[in-house]
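The values are calculated or read from the model by the stated rules, or taken from the named source; none is laboratory data. None of these values were measured; they are calculated from a predicted model. Here the Cβ positions follow ideal geometry from the backbone for every residue, glycine too, while neighbour counts run over all protein chains shown.
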Amino acid sequence: MTRARLVIVVCIAILNIWSISSLYSSLHQAGELTNEYILYRQIAWITIGWVVLAISSFINYRLYFDLSLFLYIVDLALLIGVKFLGKEVMGARRWFSFLGMNFQPSEFSKVVTVFILARFFSQSFDKNIFVKKVLLPLGLVLLSSFLIFKQPDLGTALICIFVFFLMGLSSSIKKKYFVFCLITGILITPLGWRFLKDYQKKRLLVFLNPNCEPLGAGYTILQSKIAIGSGKILGKGFLSGTQNQFNFLPERHTDFIFTVVAEEWGFLGSLFLLIIYYLILKNILAITKEAKDDFARYILIGTAYLFFLHIFINIGMTLGMLPVVGLPLIFLSYGGTHLFFNFFLLGVVFNISRQ
């Protein structure tokens, strides 16, 4: 095992242990463990994730070049299907439910986005580069992002679009093409306001002024900032966070798991978490030096950007520095589908390293 893979494995193992301990803490209320099945499910998903990583690390990554368009069609079918057959939770249809297990197609969309962009950006075209390498892949990403947005899931839709621009700007294609598309997108963004759900509009307004609805849409972010600030330098200690233990903070086992970490382990614990994430991203990018072709290189870059965006946006929203869009913190938040596909992507990364 190369040094880069070893560092990633150690870091992921640390995050897994931290995830279980943070979930254990977040499921306590006034000293009593509640909903322990969530904890057991997370342990099961982590175990399955390592198996997925091991299996996918032995599958030749070039297979995804040949299958990328087929996987994209499957992705569209799943995104359309979940609109009609999906399980509705709090007004959103994002999950297929089968035998007590939930599957979120939009998590699959992130992986497909990386593969499809890696395919287009790595191909050689003599003519119409702007159309074939920029507009065509952008159109594919926008189509799947639109279907995700309609679930509604604004956060994941934006992630896929951001991945397109970041991978594009890191490619050998002229930067002016992506800058043109980016500026155009920014200019027409205000037109999208009327298509947002009421709760999404409130989240954006709360981001601008968290105190406008302190007991409504702004409640979660205010409680999150209180919890993070109360951790100070060293934190309050395991199972000792008041905002967490006394149930002041909603969604603390999913999107707001970072607040549990910050309250219990303080600034130094949060800094250590960021170092762990930095080492993962650094070593994924280090493997690009071993990549034997552009397709592999773009998969590595896309995976690093995908992980980075989750980390940056999730922590940013818990701090009140970004709007709340509902994204999990990778390898830490509760959830099966995103764990499954994150481990899968790491397996692909490991396969590229082994070639």
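Residues of region 83-106 that are assigned to a helix (DSSP H, G or I) and surrounded by fewer than 23 Cβ atoms within 10 Å (Cβ to Cβ): Lys83, Phe84, Leu85. Take the residues in region 307-332 that are among the hydrophobic types (A, V, I, L, M, F, W, C), touching a residue at least 40 places away in the same chain (Cβ under 8 Å) and under 23 Å from Leu196 (Cβ atoms), then tell me which one is surrounded by the fewest Cβ atoms within 10 Å (Cβ to Cβ). Across region 307-332, the extreme among qualifying residues is Leu322.
Close contacts from region 243-268, counting a first residue that is assigned to a loop (DSSP other than H, G, I, E, B) and surrounded by 22 or more Cβ atoms within 10 Å (Cβ to Cβ) and a second that is of a type in the set (D, E, K, R) and at pLDDT 80 or above, with Cβ to Cβ under 9 Å and a gap of 6+ residues or different chains, come to Leu249/Glu263. If you go through region 270-279, how many residues are farther than 11 Å from Leu15 by Cα and touching a helix residue (DSSP H, G or I) at 6+ places or on another chain (Cβ under 6 Å)? Final tally of qualifying residues: 2.
Note on region 119-172: residues that are over 18 Å from the mean Cα position of the chain (by Cα) and either in a helix (DSSP H, G or I) or among the polar types (S, T, N, Q) (or both) total 25. Selection of region 36-58 for residues being in a loop (DSSP other than H, G, I, E, B) and surrounded by 12 or more Cβ atoms within 10 Å (Cβ to Cβ) yields only Ser57. Every condition in (1) modelled with pLDDT of 95 or more; (2) in a helix (DSSP H, G or I); (3) not charged (D, E, K, R) is met by Tyr61 except one, and the failing one is (2). Among the residues of this structure, Ser124 counts as one that is among the hydroxyl-bearing types (Ser, Thr, Tyr), surrounded by fewer than 12 Cβ atoms within 10 Å (Cβ to Cβ) and either modelled with pLDDT under 95 or over 23 Å from Phe350 (Cα atoms) (or both).
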